[in-house]
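**Q** Before anything else, here's the structure in question.
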Number of protein chains: 4
Amino acid sequence: MRAQGVITVDIEFDVAFHDVDMVGVVWHGHYLRYLENARWALMNRLDYGLDRMLASGYAWPVVDLQARYVNPARYGQRLRARASLVEWEQRLAINYMLTDVADGKRILRARTVQVAVDGRSGELQFACPAEFVECVHAAMAKGGA
Amino acid sequence: MRAQGVITVDIEFDVAFHDVDMVGVVWHGHYLRYLENARWALMNRLDYGLDRMLASGYAWPVVDLQARYVNPARYGQRLRARASLVEWEQRLAINYMLTDVADGKRILRARTVQVAVDGRSGELQFACPAEFVECVHAAMAKGGA
Amino acid sequence: MRAQGVITVDIEFDVAFHDVDMVGVVWHGHYLRYLENARWALMNRLDYGLDRMLASGYAWPVVDLQARYVNPARYGQRLRARASLVEWEQRLAINYMLTDVADGKRILRARTVQVAVDGRSGELQFACPAEFVECVHAAMAKGGA
Amino acid sequence: MRAQGVITVDIEFDVAFHDVDMVGVVWHGHYLRYLENARWALMNRLDYGLDRMLASGYAWPVVDLQARYVNPARYGQRLRARASLVEWEQRLAINYMLTDVADGKRILRARTVQVAVDGRSGELQFACPAEFVECVHAAMAKGGA
């Protein structure tokens with residue numbers, strides 16, 4: 001899960017009260033919200049944000065998720081979520097690294113895999129749509145990472 | 001907020017771990033999920049469930065919410081959420097009562113108000129659509145409460 | 001719900017994908033997360049943040065909530081949540097105004113009321129603890145709004 | 001991820017409105033709430049529920065999560081979440097299978113791994129506490145699956 005991708009985007013945020021569970025740490029499911037926010041920041045960097053995605057006629061469901069929880073995060077901690085594009089031809093794979101902004105401590109590593117699905121036929125696509133791949137190439141040409 | 005409505009529906013459920021906050025009680029925002037589940041059960045009783053609502057061309061946003069938190073709920077507690085229809089002509093108002101199933105203790109009282117919005121024009125309706133009102137009358141004729 | 005409080009704090013953030021429902025607007029319950037983030041920012045401004053609150057031995061459950069939903073918010077919209085302290089002696093009351101950062105359009109007005117509860121006895125306090133009131137006075141002296 | 005565990009528990013529930021995203025399917029992160037509810041049902045079956053876990057002095061953070069999303073779930077669908085214990089000596093591993101109750105269609109397969117952490121020292125345990133292992137043996141003796 002550690003490979004650096006061709007395009008990388010960071011977001012920063014503070015852990016909210018309502019994300020913390022009875023044990024005093026972020027409930028493990030809430031991290032997926034953090035990862036998703038980083039993923040949309042990456043999509044925006046690729047100029048393939050939600051409006052364009054919807055206009056393209058494709059949905060991109062997450063089909064696979066892996067997460068390794070390294071250290072718990074707590075209320076008020078400032079975190080950085082890094083999303084890094086690692087596959088973009090057959091499927092869209094993104095690696096994530098969540099760290100504490102102050103000391104760099106690792107909180108979570110994760111990977112999601114998404115595939116394109118034709119919105120009308122519902123058919124899963126075995127290659128990413130050309131429009132998306134062109135967005136990736138354009139971002140790489142500009143020097144994305 | 002206490003009036004009994006003309007149609008009343010109950011649901012029961014257990015408080016989940018991920019709904020409990022650092023202080024050991026249900027985080028106040030999560031109760032709105034419980035209320036919404038009771039509201040959809042009420043809509044289904046009226047034969048005006050989500051499919052019919054979408055087919056009708058109207059959306060029904062919540063425009064007003066009032067909640068009085070009486071006692072905290074905790075992990076594993078079995079709760080009953082009662083939704084009761086109190087207005088259905090100009091707008092849709094529902095009263096809620098959340099209680100502990102075992103001892104009847106009151107957890108929360110609430111009220112939501114929704115208005116119909118025409119899905120195409122986006123215009124707010126000053127009366128509930130006839131189709132909805134007929135659903136209410138039909139449920140009342142069957143003896144809904 | 002419109003009174004301006006003695007201490008006012010703003011936060012800004014973007015509406016996340018996972019906060020938007022099937023109808024394309026923020027699900028009404030998620031706004032409570034935004035309000036809570038603004039409330040903790042206000043508590044921090046008062047120098048009465050979570051650590052101090054826990055150390056004080058008091059919990060501050062929300063006992064009353066009122067919200068008026070004025071306009072729907074959508075994915076990607078940048079919002080400002082303003083929390084304004086309006087009562088701090090018998091109970092803690094906060095007014096909120098949620099607006100669109102770009103055009104100032106009103107999204108939501110709300111009010112929460114919290115009371116202090118002694119963490120050991122579980123007894124509800126009919127006046128706010130002196131430590132908290134002093135924090136408010138100190139912030140007012142510095143010119144909080 | 002497919003191995004059948006020694007103790008298996010099922011829960012059933014309906015997909016709630018607030019779990020569905022803009023695209024009309026359950027947002028991928030919400031499935032973790034369903035899995036967690038099944039996991040606690042399994043822990044209760046083992047007679048190692050939350051109260052006993054807290055009394056034991058150990059926390060059990062999720063350290064690894066894998067999920068394969070097979071088919072999307074939609075509003076109102078009745079789902080079954082099956083949690084199955086597959087490791088209980090060095091660490092606690094649970095396999096999950098989420099299916100549609102009506103037609104048995106697979107929605108999601110997943111696995112979580114948890115480790116025991118001493119609540120006082122914060123030290124990760126390289127073996128599951130004896131009390132927990134005895135609970136598993138007792139449940140197996142009763143014929144848990």
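**Q** Using a 10 angstrom cutoff on alpha carbons, build the Gaussian network for chain C and name the most mobile of C:110, C:73, C:102.
**A** C:102
**Q** While we're here: Which of B:105, D:142 comes first, and how do the rest follow, when ranked by fewest Cβ neighbours within 10 Å?
**A** Final ranking by Cβ density, sparse to dense: D:142, B:105.
**Q** When DSSP assigns beta bridges and you keep just the ones with both residues in chain D, what percent turn out antiparallel, to the nearest 5?
**A** 100 percent
**Q** Also, quick follow-up: Just to be sure I understand: with springs between alpha-carbon atoms less than 10 Å apart, which residue in C:95, C:37, C:71 has the highest mean-square fluctuation in the Gaussian network model of chain C?
**A** C:71
**Q** Here's a follow-up. Rounding to the nearest 20 debye, state how big the charge dipole of the range B:7-142 is about its Cα centre with +1 on each Lys and Arg Cβ and -1 on each Asp and Glu Cβ.
**A** The calculation lands at about 400 debye.
**Q** Say a paramagnetic label sat at a point 7 Å from the Cα of residue C:78, along Cα to Cβ; which residues of the range C:12-29 have their backbone N under 18 Å from it?
**A** Residues C:12-17 qualify, since their backbone N sits under 18 Å from the label point.
**Q** Taking the Cα centre of the protein assembly as shown as origin, work out the dipole magnitude from +1 charges on Lys and Arg Cβ and -1 charges on Asp and Glu Cβ, in debye rounded to 20.
**A** 0 debye
**Q** Let me ask you something else. Using the Kirkwood radius over Cα pairs, work out the Stokes-Einstein diffusion coefficient for chain A at 37 °C and 0.692 mPa s, in µm²/s as a whole number.
**A** In µm²/s, the coefficient is 207.
**Q** To the nearest Å, what is the center-to-center distance of the range B:78-101 and the range D:111-145, using C-alpha atoms only?
**A** 42 Å
**Q** What is the average number of partner chain Cβ atoms found within 10 Å of a Cβ in A:126-139?
**A** 0
**Q** Turning to a different aspect of this structure: Cβ under 13 Å from residue A:117's Cβ, residue A:117 left aside: what net charge do those residues give with Lys, Arg +1 and Asp, Glu -1?
**A** Result for the local shell: 0.
**Q** A further question follows. Enumerate by residue number the chymotrypsin sites (Phe, Trp or Tyr not before Pro) in the range D:66-145 meeting two conditions: DSSP loop (anything except H, G, I, E, B), and at most 15 other Cβ atoms within 10 Å of the site's Cβ.
**A** Listed in order of number, the matching sites are D:126.
**Q** Over chain A, what relative contact order in percent results from Cα pairs under 8 Å that are six or more residues apart?
**A** For chain A, the relative contact order is 31 percent.
**Q** May I pose another question? Between the label point of residue A:103 and that of the same position in each other copy, find the distances and list them shortest first in nm, with every label point placed 7 Å from Cα along the Cα-to-C-beta direction.
**A** 4.2, 4.7, 5.2
**Q** Something else now. Which longest run of chain A has no exposed loop site in it, a site being GluC sites (Glu not before Pro) in a DSSP loop with at most 12 other beta carbons within 10 Å, and the site itself not part of the run?
**A** A:1-88
**Q** Helix D:130-141 versus the longest principal axis of chain D: what is the Cα-based angle in degrees, 0 to 90, to the nearest 10?
**A** Once rounded, the angle reads 60 degrees.
**Q** Over all residues in B:7-15, what is the mean tally of Cβ atoms on other chains that come within 10 Å of each residue's Cβ?
**A** Per-residue shielding by partner chains comes out at 1.
**Q** Compute the FRET efficiency between residue A:12 and residue B:141 as 1/(1 + (r/R0)^6), taking r as their Cβ-Cβ distance and R0 = 41 Å, and round to the nearest 0.05.
**A** Rounded to the nearest 0.05, the efficiency is 0.10.
Taken together, the values in this text are just the output of simple stated rules run on the coordinates, not laboratory data. Please read all numbers here as calculations on a predicted model, not as lab measurements. Note: ideal-geometry Cβ built from the backbone for every residue, glycine included; neighbour counts use all protein chains shown.
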